Amino acid sequence: MTNTRAFSAPGKALLAGGYLVLDPQYRSYVVALSSRMHGVVRRKTSNSESWFIVTVRSTQFNGDEWNYKVSKPAGYEVYEVNGLRNPFAEQVVKVVVSYCQPNVLNMSDVAVEIYSDPGYHSVGESKLKKNEEKQFRFHDSTITEVPKTGLGSSAGLVTVLTTCLLSVFCRGLDVGSEKDLGIIHNISQIAHCQAQGKVGSGFDVAAAVFGSIIYQRFDAKLIENLPTSQSRDYDAALRDLIDTTNWNFTHDNITLPSGIRLIMGDVSSGSETTKLVAKVKTWYNENYPRSLNVYREINDGNSKFIDGIEKLTELSKKDPLSYESLLKALDSGSDTKAIPVISQIRQAIDQVRRNFQLMTQESGADIEPPVQTELLNQSMQLKGVLTGVVPGAGGYDAIALVTTESANIPSQTLNNERFSAVTWLDLRQENIGVIEENPLHYEGLQ
Ligand SMILES: Nc1ncnc2c1ncn2[C@@H]1O[C@H](COP(=O)(O)OP(=O)(O)OP(=O)(O)O)[C@@H](O)[C@H]1O
Ligand SMILES: C[C@@](O)(CCOP(=O)(O)O)CC(=O)O
């Protein structure tokens, strides 16, 4: 196993800052999740050819496999030898090869096995395979046919595949080093943006790399202004963007206060983020400057939410007894209006939700449609619930509740008709981003 390394990166839930985070002036609150994407990379035997193959395999999804041939007749050429498509994997191979400039002569082939934790996809007819260390679900369908749950699978894939390939082409890669994490982040953002065609805010990639963060995006022009990959300036411009350019973005690590956790409810079919974003952008432009005021109201609510969470963390450290009784008050379901920090957090989220409901009515984008409003309002009646939102772009696919550790949401909602459409996901917040794993922990799982 000497030529083998393994890495993993977390999924995400955007609790505050949906839509606004597309604009660099607004902050967002992103929680990394315990459902992780994993990559096990090994160098195969070297060959005497003037090219090498990068194999990306997802045994979990019907043995999906993509083989990228890397050659350098003039500039680098990368293509999938069977014409199969995985835009995210392909873009990562292209960007990493352009950045690392590996020698194609006598270069060993590289194989990466990807595994995704159960939370990323609906269970369906999948079968569970496990060893003492890991467990993954195996589907009889290809990756694009298995419904996703909105945890950021493409961001996790891009981040973990980038890290795997860098560990082969850039000897001595250390995910504990700020410098190397920065390179992983920059390459992953570039590959993810280029693969998606649409430029998201990158919060999902930043969370995959850095963990739970307060995130303010980089200027989209940094990537948009890259020359085309066919241009002879591309390699130098790419290296400059990755190694020396100041991306001027924020990724301050955060953690939910002790005794507080996140629980995700998977509601039903996913929502098309791209379509929602397009409708909101149209609404914003057609209703400016009133829409700017709406955004300012939402941003004020987001900031008060973040400030309230920080106050909870401070209280838990400075006055553990008062903090303990605050958690008990939440758990008992008693009236907590007299507790200022709880009122602050709840009023902040109510302010955000009221404006999301207005945008839903006016834009036609189902950010917080009535059925989700009802579900969140019902959730607020449950013991231990501090607050709840539709995460990210919203829509019909999920709700996210911030609760006490001891709140047992699944048992409180069992046989409750109002929650019949909700599957509580067995995951929680996790503050760490990309980490190195023990490759032996993946043995026997294929
Ligand atoms: N385990 C995996 N193995 C290989 N490719 C993967 C894997 N997980 C995700 N991908 C790639 O990412 C694509 C899904 O990305 P897409 O942008 O459609 O969804 P997403 O917004 O990342 O999903 P979600 O946030 O719901 O997880 C897949 O079609 C595939 O190309
Ligand atoms: C709408 C947006 O702000 C958040 C999308 O979040 P999600 O993919 O629904 O988790 C888009 C973005 O930030 O990339």
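Only the coordinates and a few stated rules stand behind these numbers; no lab work does. What you see is a predicted model, and the numbers here were worked out from it, not measured in a lab. Note: ideal-geometry Cβ built from the backbone for every residue, glycine included; neighbour counts use all protein chains shown.
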Taking Met107, Met264 and counting other C-beta atoms within 10 Å, the order from fewest to most: Met107, Met264
Difference of contour (0.36 nm per residue) and Cα-Cα distance, Lys130 to Lys148: 4.4 nm
If the convex hull is drawn through the Cα atoms of region 260-425, its volume per residue in Å³: 108 Å³
Number of Lys pairs (Cα under 21 Å; 8 or more positions apart or on different chains) in region 149-281: 5
Residue exposure sequence - Ser126, Ser420, Ser322 - by fewest surrounding Cβ within 10 Å: Ser420, Ser322, Ser126
Crossing angle, helix 290-318 versus the chain [Cα axis fit, 0-90 degrees, rounded to tens]: 80 degrees
Computed FRET value (nearest 0.05) for Ser334 with Asn285, which takes r as the C-beta separation and R₀ as 60 Å: 0.85
Region 1-46 versus region 237-313: alpha-carbon centroid distance in Å: 16 Å
Using θ = phi - 60° and Karplus 6.51 cos²θ - 1.76 cosθ + 1.60, couplings along region 339-355 (whole Hz; Gly, Pro as x): 9, x, 5, 5, 4, 4, 5, 5, 5, 4, 5, 4, 4, 5, 5, 4, 6
Within region 107-214, trypsin sites (Lys or Arg not before Pro) in DSSP loop having at most 11 other beta-carbon neighbours inside 10 Å: Arg171, Lys198
Prolate/oblate/rounded label for region 59-174 (Cα gyration tensor, a/c 1.5): prolate
Crossing angle, helix 153-169 versus the chain [Cα axis fit, 0-90 degrees, rounded to tens]: 40 degrees
All aspartates and glutamates inside 16 Å of Lys12 as judged from Cα atoms, apart from same-chain residues fewer than 8 positions distant: Asp117, Asp204, Asp252, Asp266, Asp397, Asp426, Glu430
Gain upon complete extension [Val371, Leu414; 0.36 nm per residue less C-alpha separation]: 13.6 nm
Beta bridges by DSSP in region 260-425, antiparallel share as percent, to the nearest 5: 100 percent
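Tell me, Val199, Val93 in order of fewest to most beta-carbon neighbours within 10 Å?
Val199, Val93
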Protection proxy ranking of 345-353, 390-398, 329-337 - average other beta-carbon atoms within 10 Å, highest first: 390-398, 345-353, 329-337
Projected area, mean over directions - region 1-84, Cα convex hull, nm²: 9.8 nm²
Sequence-separation-based contact order of region 260-425, relative, with Cα cut under 8 Å and 6+ spacing, percent: 38 percent
Stretch gain in nm, segment Asn62-Asp140, where the contour uses 0.36 nm per residue and the Cα spacing is subtracted: 27.6 nm
Calculated FRET value between Leu321 and Met380, using beta carbons and R₀ = 45 Å, to 0.05: 0.95
DSSP-loop trypsin sites (Lys or Arg not before Pro) across region 1-95, with at most 11 other Cβ within 10 angstrom: Arg85
Around Gln25: net Lys/Arg minus Asp/Glu count, Cβ-Cβ under 12 Å: +1
Equivalent ellipsoid, the chain (semi-axes from 5 times Cα gyration tensor eigenvalues, Å): 39, 25, 20
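Please compute the net charge surrounding Ala191, taking Lys and Arg as +1 and Asp and Glu as -1 over other residues with Cβ under 10 Å from its Cβ.
For residues surrounding Ala191, the net value is 0.
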Coil-residue GluC sites (Glu not before Pro) of region 131-233, DSSP, other Cβ within 10 Å capped at 13: Glu132, Glu133
Local electrostatic count at Leu327 - Lys and Arg +1, Asp and Glu -1, tallied over other residues with Cβ under 13 Å: -1
FRET efficiency estimate (nearest 0.05) - Cβ-Cβ, Ser177 to Lys275, R0 35 angstrom: 0.35
Straight-distance crosslink candidates among lysines, where the alpha carbon sits under 20 Å from Lys337 and sequence neighbours closer than 8 are dropped: Lys304, Lys311, Lys328, Lys383
Cross-link reach list, aspartates and glutamates versus Lys69, counting only Cα pairs under 13 Å and skipping chain neighbours closer than eight places: Glu49, Glu77, Glu80, Glu90, Asp109
